[in-house]
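The values are calculated or read from the model by the stated rules, or taken from the named source; none is laboratory data. Nothing here was measured: the structure is a model prediction, and the numbers come from that model. Note that each Cβ is placed from the backbone with ideal geometry, even for glycine, and that neighbours are counted across all protein chains shown. When the accessible area is computed, the model is the full protein with side chains, heavy atoms only, and any ligands, DNA or RNA have been set aside. Shrake-Rupley method; radii C 1.70, N 1.55, O 1.52, S 1.80 Å.
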Amino acid sequence: MDQRDVVSHFTDILQEDPSMSTAVAAISTLIEFIKLNSAETMSEMRDKLKEATETLTKTDGSATSISSGCELFLRFITLAALDHPDFQECKSILVERGKIFLKKVGSSRKKIAKLGHPFIRDGATILTHSRSRVVLQLLKEAAEAKKRFNVYVTQSNPDQSGNTMHNELTAAGIPTVVILDSAVGYMMEQVDLVLVGAEGVVESGGIINKIGTFGIAVCAKEMNKPFYVVAESFKFVRLYPLNQQDVPNHFKYHASKLSADIDLSREHPLVDYTPPAYITLLFTDLGVLTPSAVSDELIKLYL
C-alpha cells in the first residue's frame, strides 16, 4: 500500500460514510495500511506509519484533527512492548490494538452527547457555528429527551457549511434558522448559550475551529453568555499558540494552497484560535472540563 493508495482509501471511507470525522477515517486508513504494508521490522513499520500520517495531513481534510488523532493512535498501538519473534504476529497485534482504539474513538460522540445535553434547558435558544457532527449529536440527544429549544446556526462562509447543519437539524425536527455570520452580534442578546465544535483542543485549553469562532466567543463573553465547546479527546493536540499567527499554516490553509506557493496574505484562513479565557466549559469523552483542566488531561493522553 503506497502513499497514493493511502489517500485513495481515506477518500473512499469518507465518501461511503459522510458522517464520519476525518480523524476517524484517517485512523481506519492506518489500520488498513498496517495490514497491507510490506515492512519487516517494528522500526520500519513505525517510520512508514509516520509517512502515511504526513500524507493524510496533506489532504484537504481537517489537518488539525487528523494530526492529533493519528499521533494518539500511533502511541496507543506501539506503547506496549512487542516481543514476539514472528513480525507477522506483531502486525496482527498492532491491527487488534488499532481496532480497540478505533472502537474507543467511535463511541466518543455518544458519550459527549449524554454529558452535554443536561446543560440545555427546556425553552433554550442556542447559537452554533458552521457544521459540527458532535454538536449535531448532542442536539439530537437533547431533542430525544423531549426538550424544546431553538437553534440559530451561522451560515459560515466561505463554504456555507451552516446550510448543511441547518438541513440536518431540520430533518431531526429541531427548529433552526440560518443567520449571516455578520449578524452574530445582533442575535446574541436573544441567545441563552453558544455551542460549538472544535477541530483541535490545544494545551492551554483554547480551541482551533472554523474561522469566525473567535469572533463569536468574544461577543458571547462581552454579553455574558456561556460558550460551550464539544470535542472528542482524539482532537487534543500538542500545541500552545499564543495568538492567531502561532497557529501553523498547515492547519490554517488547505494543502493544495500551500503546495501552490501562493501569497497566503491574500488567502482566507480556514480556522482561527479561541483562547481559553473565552471558553466556559468543554464537553469531552473524558468528562466535562474547564479550560485549565485540559493540560492535565492532555499530559495523561500523551504520557
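Relative contact order of the chain: 18 percent, from C-alpha pairs under 8 Å at least 6 residues apart in sequence. For the chain, a simple Cβ point-charge model (Lys and Arg +1, Asp and Glu -1, everything else neutral) yields a dipole of about 940 debye relative to the Cα centre. Of the residues ASN163, GLN3, SER92, the one whose Cα sits farthest toward the positive end of the charge dipole of the chain, with +1 on the Cβ of Lys and Arg and -1 on the Cβ of Asp and Glu, is ASN163.
Once the mean of 1/r is taken over each pair of separate Cα atoms and inverted, the range 1-159 shows a Kirkwood hydrodynamic radius of 17.6 Å.
Peptides 221-227, 243-249, 155-161 ranked from most to least packed give 155-161, 221-227, 243-249, packing being the mean of other C-beta atoms within 10 angstrom over each peptide's residues. On the chain, 51 percent of the accessible area sits on carbon and sulfur atoms, based on a 1.4 Å probe. Here the range 192-263 is assigned +1 on the Cβ of each Lys and Arg and -1 on the Cβ of each Asp and Glu. Its dipole about the Cα centre then comes out at about 80 debye.
Packing, as the average of other Cβ atoms within 10 Å across residues, places the peptides 254-263, 207-216, 29-38 in the order 207-216, 29-38, 254-263, highest first.
Using C-alpha pairs under 8 Å with a sequence gap of at least 6, the mean separation divided by the residue count of the range 10-58 gives a relative contact order of 33 percent.
Residue ranking by accessible heavy-atom surface, 1.4 Å probe, largest first, among TYR278, TYR228, TYR186, TYR240 comes out as TYR186, TYR240, TYR278, TYR228. Dipole of the chain computed with +1 at Lys/Arg Cβ and -1 at Asp/Glu Cβ about the Cα centre; of VAL230, THR64, PRO269, farthest Cα towards the positive end is VAL230. Taken about its Cα centre, the range 149-303 carries a charge dipole of about 60 debye when Lys and Arg each add +1 at the Cβ and Asp and Glu each add -1 at the Cβ. Per residue, the chain reaches -14500 deg cm²/dmol at 222 nm when only DSSP H runs of four or more residues are counted, each adding -39500 (n - 2.57).
Between the helical axis of 133-144 and the longest alpha-carbon principal axis of the chain there is an angle of about 60 degrees. Averaged over its residues, the chain has an accessible area of 47 Å² per residue, based on protein heavy atoms and a 1.4 Å probe. Bridge orientation summary for the chain: considering DSSP beta bridges with both residues in this region, about 35 percent are antiparallel.
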